[in-house]
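Q: Let me begin by handing over the structure; questions about it come next.
The values are calculated or read from the model by the stated rules, or taken from the named source; none is laboratory data. Quick caveat: nothing in here was measured; it's all calculated off a predicted structure. When the accessible area is computed, the model is the full protein with side chains, heavy atoms only, and any ligands, DNA or RNA have been set aside. Shrake-Rupley method; radii C 1.70, N 1.55, O 1.52, S 1.80 Å.
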Amino acid sequence: MKGLVALITGAGSGMGRAGALRFAGEGDSVVVADIDESAAEETVRLVEGAGGKAVAVPPAAVLPDRLNQRPLTGHICEKDGYFYCAFVGGNGS
């Protein structure tokens, strides 16, 4: 599926960052979510440097309630209208 939007949590490092780069490499736009804003922005730079499209969501959208991700998905739906895939790269600790 190319050209769609993928939400990647924990995308500031490790498996989350690798997932973001992989989805972008397949032609998808990536929504980068991480509680570390500078790490999320670095992932955005890496994706864009490789020719992909990415945007970081503000940490406040990630933090409100770890058991209820509605604030995060609501932020994405307000901005992009939809997303088709969620990839959980972080363990939430």
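Q: Suppose the chain between LYS53 and GLU41 were pulled fully straight at 0.36 nm per residue; how much longer would it get relative to their current alpha carbon spacing?
A: This chain segment gains 3.1 nm when fully extended.
Q: Another question, then. Accessible area of region 1-44 with a 1.4 Å probe: how many percent of it is carbon plus sulfur?
A: Carbon and sulfur together cover 55 percent of it.
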